[in-house]
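Below is one structure, written out as structure tokens; comments come after it.
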Amino acid sequence: MKSPLLSLPGAVPAEGVDEGVAAHYGDLFREQRALADGTGFVDLSHRGVVTVSGADRLSWLHLLLTQHVSELPAGEATEALILSANGHIEHALYLVDDGTTVWAHVEPGTQEALIAYLESMKFFYRVEVADRTADTAVVHLPAGSITEPPKEAVVRETPYGRDLFLPRAGLEEFAAAHGPAVGILAHEALRVEHHRPRLGFETDHRTIPHELGWIDTAVHLQKGCYRGQETVARVHNLGKPPRRLVFLHLDGSEVHLPPAGTEIRLADEEPDGRKIGFVTTSVRHHELGPVALALVKRNVPVDARLLAGDTAAAQEVVVAP
């Protein structure tokens with residue numbers, strides 16, 4: 001979905017997964033500071049929107065998701081995962097129930113596969129699954145924002161701000177009334193600062209929730225009966241995940257950021273030393289400078305000096321070894 005807000009002054013289109021919205025509107029650090037101060041909004045209208053309605057929606061989703069949602073109160077935000085049979089992460093959903101319908105936004109382009117899976121699991125449950133991406137846009141208001149959401153919006157409130165599900169036809173009117181608009185790069189910089197993983201960025205085909213800290217926010221350990229639950233329980237009770245998420249402070253003298261996929265090695269080893277991880281997301285932060293999230297092997301010492309490609313990096317623990 002291509003956002004109409006790309007016509008705003010200064011808008012520079014994002015690339016890759018986030019194509020369709022603005023990367024920034026001309027001043028990346030100003031936009032980051034605006035979000036940190038609780039002003040402006042982020043256009044996330046490229047994200048997929050899926051709804052589940054019907055009398056059995058919560059009890060049915062409870063059987064499929066990693067999160068406990070059978071008694072989810074109306075208006076309470078949560079996040080949840082769908083795993084493979086082997087416990088690997090396939091989908092990440094950001095949910096809220098409005099009393100009659102569960103609304104979820106998901107990574108751009110993943111809604112079709114998600115809906116196909118949900119439809120295959122309906123059986124005799126009284127539920128209706130719908131793709132609302134074409135008529136609903138997601139907008140993010142930062143924590144501390146005093147913007148009053150439109151009456152027609154479904155609001156998902158989190159510690160990081162509010163996600164609004166807006167009629168897509170009203171997106172330009174909302175932007176005119178509640179600017180300034182902030183690009184996705186500023187949103188990403190604050191996501192990295194807060195150590196928040198993102199599907200397709202911090203995940204690959206074998207990622208399990210424990211590696212990213214999602215075990216604390218998107219998985220309920222006292223419920224079962226969902227696909228992949230055996231792996232979740234076994235790793236939690238009997239072992240450790242093979243990798244762990246870390247936050248990296250990168251050498252600020254380097255002109256270029258190490259891109260996603262850049263190999264990480266121990267700085268004390270030879271230049272061709274063994275690979276112990278890789279960068280998942282790197283950003284320039286308005287206060288912290290160049291920083292990144294990365295996945296490294298669990299047994300990498302927490303005080304080890306690292307190299308991300310040729311860039312020196314110091315790690316902060318996100319997931320304990």
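Calculated accessible area for the chain comes out at 45 Å² per residue, all protein chains present (probe 1.4 Å; ligands, DNA, RNA ignored). Each Lys and Arg Cβ is given +1 and each Asp and Glu Cβ -1; about its Cα centre, the chain then shows a dipole of about 800 debye. A cut-off under 9 angstrom between Cβ atoms defines the neighbours of GLY75, and their net charge, with Lys, Arg +1 and Asp, Glu -1, is -3. For region 147-295, the fraction of C-alpha pairs more than 25 angstrom apart is 48%.
Calculated from the structure at hand, Cα extents along the principal axes in Å is found among (1) 52, 43, 36; (2) 60, 52, 29; (3) 59, 44, 39 as (2).
Using a simple spin-label model with pseudo-atoms 7 Å out from Cα toward Cβ, SER59 and LYS122 lie 1.8 nm apart.
Remark: region 200-267 carries a charge dipole of roughly 420 debye about the Cα centre, counting +1 on each Lys and Arg Cβ and -1 on each Asp and Glu Cβ. Think of region 89-209 as having a plus end and a minus end, set by charges on the Cβ of Lys, Arg, Asp and Glu; of PRO167, PRO142, THR207, THR207 sits farthest toward the positive end of this dipole.
The values are calculated or read from the model by the stated rules, or taken from the named source; none is laboratory data. These figures come from a predicted structure and were not determined experimentally. Note that each Cβ is placed from the backbone with ideal geometry, even for glycine, and that neighbours are counted across all protein chains shown. We work out accessible area using only protein heavy atoms, side chains counted, and drop any ligands, DNA or RNA first. Shrake-Rupley method; radii C 1.70, N 1.55, O 1.52, S 1.80 Å.
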